[in-house]
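Read through the structure below, which is laid out as structure tokens, and then see the notes.
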Amino acid sequence: MHVPHDQTPEALESAEDPATSETPQPTVEPRPQPKSAYELPSKKNTVLRNMVWALALTMAVVVVVGIAFFGVGSDAGREPLANSELDVAASAERAQDVADFPVAAPEPGEGWTERSARFTTGESAQWTVEYTSPSEHLVTLTEESEVSAPLLSSVLPGATLEEELSIDGADCQVLSGGESGATKRGISCQGEEFGLLVHGATDREELQALMERALAGVRE
């Protein structure tokens, strides 16, 4: 082989050797390491457990609040509790200071329980006393200056007359009415200065017994 005069054998060998070539080699980027297959399910399980605990806690709070407000079981089997601090006679005395009618505060007798008493003022002042009757029904005594049509429609919607009678010299009526299929009975009596209405989902005998005691009280 002919060797040019301006190149030595060492130079020619260096030019032809790929190992000593100055051509840049491509840079190899390091591959990202894959995430651990163990960690991903662990995080998902933790989130799921937290959601389950949060849901369980929420349901527990709802149950506790429901029991606090509504109690357990049906109301039908519960006996109304007496208000040991209620004094109907004392409430009636205070109401009498502002009422324009004689306020009735009858002592209903054995087997009856006084539940509440209130006096409201306004266009038509009203005195209301609630009792539990011997048959464990709610019976309400309502008194105004007269037994008006608005009063009847509010406590006995759609009231119909069953009978007229006289109780202790007062003109009275036996009524029936109610709404949503809940029929109630009532007895109304009108005096010169008062109007009394006794009503509840009980029999006539209990209503009349309470009315007789109420009339005796307002006429003393």
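The values are calculated or read from the model by the stated rules, or taken from the named source; none is laboratory data. Remember, predicted model here, so these are calculated numbers, not experimental data. Cβ coordinates were reconstructed from backbone atoms using ideal geometry, including for glycine residues, and neighbour counts include every protein chain displayed. All accessible areas refer to the heavy atoms of the entire protein, side chains included, with ligands and DNA or RNA removed. Shrake-Rupley method; radii C 1.70, N 1.55, O 1.52, S 1.80 Å.
Some notes on this structure:
- Qualifying residue in segment 97-107 (condition: of a type in the set (D, E, K, R), farther than 15 Å from GLY186 by Cα, outside any loop (DSSP other than H, G, I, E, B) and without any contact (Cβ under 8 Å) to a residue 40 or more places away in the chain): no
- Segment 165-176, residues that are part of a strand (DSSP E or B) and either in contact with a Leu (Cβ under 9 Å, 6 or more places away or on another chain) or surrounded by fewer than 12 Cβ atoms within 10 Å (Cβ to Cβ) (or both): SER166, ILE167, ALA170, ASP171, CYS172, GLN173, VAL174, LEU175, SER176
- Pair list, Cβ under 8 Å, 6 or more apart: segment 156-180 residue in contact (Cβ under 8 Å) with a residue 40 or more places away in the chain, other residue in a loop (DSSP other than H, G, I, E, B): ASP168/ARG219; ALA170/GLY191
- Criterion applied to GLU179, GLU192, GLU136 was being under 24 Å from ALA95 (Cα atoms) and open to solvent by 70 Å² or more (accessible area, probe 1.4 Å), and the one residue passing it is GLU192.
- Of the strands (runs of 3 or more DSSP E) lying entirely inside segment 109-164, those containing at least 2 residues that are over 26 Å from the mean Cα position of the chain (by Cα) are 126-132, 138-144.
- In segment 139-164, residue farthest from ASP87 (Cα to Cα) [restricted to those that are hydrophobic (A, V, I, L, M, F, W, C) and surrounded by 13 or more Cβ atoms within 10 Å (Cβ to Cβ)]: ALA159
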